[in-house]
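The values are calculated or read from the model by the stated rules, or taken from the named source; none is laboratory data. For clarity, every value in this text was computed on a predicted model and none was experimentally measured. Cβ coordinates were reconstructed from backbone atoms using ideal geometry, including for glycine residues, and neighbour counts include every protein chain displayed. We work out accessible area using only protein heavy atoms, side chains counted, and drop any ligands, DNA or RNA first. Shrake-Rupley method; radii C 1.70, N 1.55, O 1.52, S 1.80 Å.
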Amino acid sequence: GRVYQKSYFEFFLSPDKVEILSQMVTHHPNLNLYAVNYAGRDLRVGVEEGGVTALTWGVFPNREILQPTIFDPDIFLVWADEAFSLWSSMWLNLYDFGSESYELVENIRDTYYLVAIIDNEFTDGGKTDDEFSLLTHLLAVGKNSSAS
């Protein structure tokens, strides 16, 4: 049998970088972007309503297709609430109120987005330009003011 897997990345990103990344995703039709901030503002690019998609699945002789991992945008929003609460319950508690570190963590919690990117091109193993082409594009967002 075979197991298939789409590339999936999840991370926190500053608002300006989310805008750059969302523009990049509009030029790559195989990508889906989901992002939400602490205030609940969400952004979806390249996504149809519903948007539940398989991330991994297996195909084996004499068996139905096995689908062990999915991405559900509604579940992602639930996870986002938990992820943002960790900035408060865990990270802020490590620093003195009003310290530079406290202010930094609070700023990240209040302004950054939790982002999920799915690369739906799985048939070539994600190896169109190089073995980690999606990761390369994502890293470019962190370094450049624009991405292609």
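Computed values, structure above
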item	result
Test: residue in the range 73-85 that is open to solvent by 30 Å² or more (accessible area, probe 1.4 Å), assigned to a helix (DSSP H, G or I) and more than 30 Å from Trp57 (Cβ to Cβ)	yes
Among residues of the range 11-30, those that are more than 27 Å from Leu104 (Cα to Cα) and hydrophobic (A, V, I, L, M, F, W, C), counted	2
Selection within the range 1-22 - in contact (Cβ under 8 Å) with a residue 24 or more places away in the chain, under 22 Å from Ala80 (Cβ atoms) and either hydrophobic (A, V, I, L, M, F, W, C) or out of contact with any strand residue (DSSP E or B) (no Cβ under 6 Å at 6 or more places or on another chain) (or both)	Phe9, Phe11, Phe12, Leu13, Ser14, Pro15, Lys17, Val18, Ile20, Leu21
Number of positions in the range 15-28 that are closer than 12 Å to Tyr113 by Cα and open to solvent by 20 Å² or more (accessible area, probe 1.4 Å)	4
All positions within the range 29-71 that are within 30 Å of Gly1 (Cα to Cα), surrounded by 10 or more Cβ atoms within 10 Å (Cβ to Cβ), out of contact with any Phe, Trp or Tyr (no Cβ under 6 Å at 6 or more places or on another chain) and not hydrophobic (A, V, I, L, M, F, W, C)	Pro29, Asn30, Asn32, Gly51, Thr56, Gly58, Pro68, Thr69
In the range 86-113, the residues that are among the charged types (D, E, K, R) and either surrounded by 12 or more Cβ atoms within 10 Å (Cβ to Cβ) or part of a strand (DSSP E or B) (or both)	Glu103, Glu106, Arg109, Asp110
Hits in the range 34-48 - residues which are closer than 22 Å to Gln23 by Cβ and of a type outside the set (A, V, I, L, M)	Tyr34, Asn37, Arg41, Asp42, Arg44, Gly46, Glu48
Residue ID - modelled with the highest pLDDT, chosen from residues in the range 1-10 that are part of a strand (DSSP E or B) and surrounded by 14 or more Cβ atoms within 10 Å (Cβ to Cβ)	Glu10
Among the residues listed as Pro61, Pro68, Pro29, the single one being at pLDDT below 90 and assigned to a loop (DSSP other than H, G, I, E, B)	Pro29
Every residue from the range 31-50 that is under 14 Å from the mean Cα position of the chain (by Cα) and not aromatic (Phe, Trp, Tyr)	Leu31, Asn32, Leu33, Ala35, Val36, Asn37, Asp42, Leu43, Arg44, Val45, Gly46, Val47
